[in-house]
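Here the structure comes first, spelled out in structure tokens, and everything after it is commentary.
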Amino acid sequence: MNADSCTGPNSLSCASGYKCKQGEKDFIASGFPTAMVKTLPVFEINNLGNEYCDCNESSNAPGGGLGMTGVGCTTMFQRCPDKTVCFHGAPCQKGSEDNYFCDCSKTFPSDVTYTGEHCEYQVTAFCDTPEEYDISESGKWNCANGGTCQSDVSIVDTCDCPNDFEGLHCEFMKGTAPRCDLTCFNGGICKIGVKNYDTVSPQLREYFEQNDGDDTHCVCPMGFTGRQCESSISDCGPSHCLNGGECGKTLKSSGNEYFYCNCGNASSSSTPEGTEIKFAGNACESSSSTFCRAPPGFDKLDFYCTNGGVCAENSGGWCTCPADYSGPRCEFLVQYHTDCNMQCANGGTCLFGDEPTTTPNDDLDFATELLKEPSVNMHCRCPDGFIGNYCETMVEICGESQHYCLNDGMCVDNGDEYTCECSLDDLTPHAGEHCQYAATDICEGTRLSFCTNNGKCKNVTNDTNEGHPGCVCDVGFNGEYCEYDLNHSPIGITLIKDILWFYVIIFLFTTLCFIMLLIYYYLPRGINIAGMVSLSESEEYGYPEEEEVEAEGFTSVTIT
């Protein structure tokens with residue numbers, strides 16, 4: 001029989017103003033399942049000196065707030081909407097369906113670690129592991145219920161459990177451990193419970209935790225992370241890059257170092273379906289959820305949205321994002337939004353990462369003047385008809401990508417090849433094989449007379465002279481407007497080739513003449529190349545015999 005109050009001199013002191021009562025506490029009547037009351041340590045003691053504290057547990061309805069339980073009302077608990085009970089301040093985590101489970105990584109107090117299906121068991125030992133895993137910020141494995149650490153064993157055997165317990169942390173009563181059948185990649189180990197992301201940056205932790213709706217996960221070896229260890233991870237300054245993203249570093253205007261992840265090559269094909277996926281985001285953490293229509297000639301893998309974004313009607317536009325996400329590809333949580341602030345012209349779209357490796361113009365060798373250094377981890381995706389770092393240059397492609405004209409130049413079909421007719425209607429006229437060179441000096445008398453590449457007009461024309469006086473070109477350039485770069489233009493390259501061929505022909509001709517002189521001088525005289533044929537050798541090889549002939553006081557040799 002329970003009394004309404006405790007009257008003894010050493011009466012039980014109840015926390016938080018709860019009332020002390022005499023007798024034994026009935027935890028089942030307080031709304032806890034019978035099986036839980038019979039097995040969990042928090043319910044082992046139901047009185048102290050025939051007294052207990054009435055914590056009013058039954059008033060904590062499912063889905064309500066935190067309550068207190070235990071004989072002295074010292075243990076926090078919470079009933080989840082599906083009546084799952086979580087202890088020691090662990091929050092209810094909604095599963096992928098209508099189920100709930102307890103997140104033991106957020107128990108209270110923070111300096112005490114709890115484990116188990118309900119976070120009911122206090123950890124009693126911390127162990128070093130033979131290899132590094134993404135277990136916790138400390139990197140320590142833990143054992144509960146008196147389990148002891150074993151060394152030189154696999155991480156799954158680190159805890160030596162008492163006879164009454166089992167599980168990776170001795171967190172289950174013997175015979176009650178559920179089967180863990182989650183597929184793990186890259187050497188991960190399946191584990192019951194919510195994954196602890198303390199080893200990653202706060203931004204990544206928040207990203208992973210908002211997607212976490214399962215009570216199984218994989219413990220990952222260092223170098224990998226994610227629920228199934230599906231993502232590679234590497235350090236990048238104070239943060240990380242995932243999925244093959246490349247860490248870059250630059251200096252801000254303030255002089256401070258700025259680290260970033262370039263996600264251009266971040267991809268994976270380790271999905272159950274075997275399909276390729278792409279990644280974007282501050283750490284390349286957001287995976288492609290849909291691929292968009294790519295314009296002809298582009299790689300379709302460069303056009304995608306993440307986190308449930310919807311493709312733009314314009315294939316080069318930004319994705320339409322759900323409420324919690326932002327960015328060109330919906331790759332950022334709104335609280336970590338990053339501006340893509342390149343000033344793209346002519347309808348270009350600013351995107352993060354390097355420029356795509358595949359474009360419709362891969363077969364064209366664009367003028368080197370257009371190959372500028374891009375902004376850090378950003379680029380402009382240009383609409384048809386424009387190229388350049390900021391989509392600032394108009395381009396017309398000739399034929400089947402056989403030639404191209406820039407700066408409003410027009411393709412001219414000459415039968416077997418294309419040339420460019422450069423526009424002179426702009427404020428700045430252009431010249432060159434592709435109309436790539438802007439005028440640097442306008443000659444007086446007519447705007448159609450100009451020089452490029454720092455060439456200077458030869459003389460001044462008068463208003464009646466519509467002709468072009470010509471240009472004095474800097475070293476390395478020639479042409480009517482100094483529009484030919486001798487080091488890169490076809491004319492310059494052809495000239496160099498012609499000079500090389502000239503010297504090759506001279507060398508071959510000289511060598512041939514020398515050989516013919518040798519043949520002419522030595523072979524008719526019966527002398528070998530070394531000039532050392534003797535008489536005996538002549539006889540041996542059948543040379544004609546020599547005969548002495550006297551004539552007018554001197555002796556000669558006649559060959560017969």
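Under 8 Å for C-alpha pairs, at least 6 residues apart: give me the relative contact order for the stretch 1-97, rounded to a whole percent.
So the answer I get is 22 percent.
If the stretch 249-355 were replaced by its equivalent ellipsoid, with semi-axes equal to the square roots of 5 times the Cα gyration tensor eigenvalues, what would those be, largest first, whole Å?
23, 17, 15
Can you work out the FRET efficiency for the pair Gln335 and Met222, with r the C-beta to C-beta distance and R0 = 35 Å, to the nearest 0.05?
E(calc), rounded to 0.05, equals 0.80.
Rounded to the nearest 0.05, what FRET efficiency is calculated for Ser315 and Lys94 with R0 set to 56 Å and r the Cβ-Cβ distance?
Approximately 0.90, to the nearest 0.05.
Give me the dipole magnitude in Debye, nearest 20, for the stretch 130-216 about the Cα centre, with unit charges on the beta carbon: positive for Lys and Arg, negative for Asp and Glu.
In total the dipole reaches around 120 debye.
Under a plain spin-label model, where a point goes 7 Å from the Cα along Cα-to-Cβ, how far apart in nm are Asn50 and Phe259?
6.5 nm
Full extension from Ala177 to Leu66: what is 0.36 nm times the residue separation minus their Cα-Cα distance, to one decimal in nm?
37.3 nm
Can you run phi through the Karplus equation (6.51, -1.76, 1.60; θ = phi - 60°) for the stretch 315-329 and list ³J(HN,Hα) in whole Hz, with x for Gly and Pro?
Along the stretch 315-329, the couplings run 4, x, x, 6, 6, 8, 9, x, 4, 8, 10, 8, x, x, 10 Hz.
Can you pull a Stokes-Einstein diffusion coefficient for the stretch 61-120 at 25 °C (0.890 mPa s), Rh from Kirkwood over Cα pairs, as a whole number of µm²/s?
After rounding, the answer is 215 µm²/s.
State, as an integer percentage, the relative contact order of the stretch 230-338 based on alpha-carbon contacts under 8 Å between residues 6 or more apart. Write out the running numbers ahead of the final one.
Details: 226 pairs, mean separation 17.0, N = 109.
The value is 16 percent.
Between Val504 and Glu444, what length comes free when the chain is fully extended (0.36 nm per residue of separation minus the Cα-Cα distance, one decimal in nm)?
On the way: separation 60, 0.36 × 60 = 21.60 nm, distance 4.55 nm.
Gain on stretching Val504 to Glu444: 17.1 nm.
With label points built 7 Å along Cα→Cβ from the Cα atoms of Thr34 and Phe208, find their separation and express it in nm.
Distance between the two pseudo-spin positions: 4.2 nm.
Report the GluC sites (Glu not before Pro) located in the stretch 261-328 that are in a DSSP loop and have at most 10 other Cβ atoms inside 10 Å of their Cβ, or state none.
Numbers: sites: Glu273, Glu276, Glu285, Glu313; in loops: Glu273, Glu276, Glu285, Glu313.
Counting only loop positions with at most 10 other Cβ atoms within 10 Å, the GluC sites (Glu not before Pro) in the stretch 261-328 are Glu273, Glu313.
Which ordering of Lys83, Lys140 is given by a fewest-first count of other beta-carbon atoms within 10 Å?
Working: Lys83 12, Lys140 15.
Listed from fewest to most nearby Cβ atoms, that is Lys83, Lys140.
Roughly how compact is the stretch 81-233, stated as its Cα Rg over 2.2 N^0.38 Å to two decimals? Present the calculation step by step, with values, prior to reporting the outcome.
Working: Rg = 14.6 Å, N = 153, 2.2 N^0.38 = 14.9 Å.
Rounded to two decimals, the normalised Rg is 0.98.
Every number in this text was worked out from the coordinates using simple rules, so none of it is lab data. The structure displayed is predicted, hence computed values, not measured ones. Neighbour counts are summed over all protein chains in view; Cβ atoms, including those assigned to glycine, are modelled from backbone coordinates with ideal geometry.
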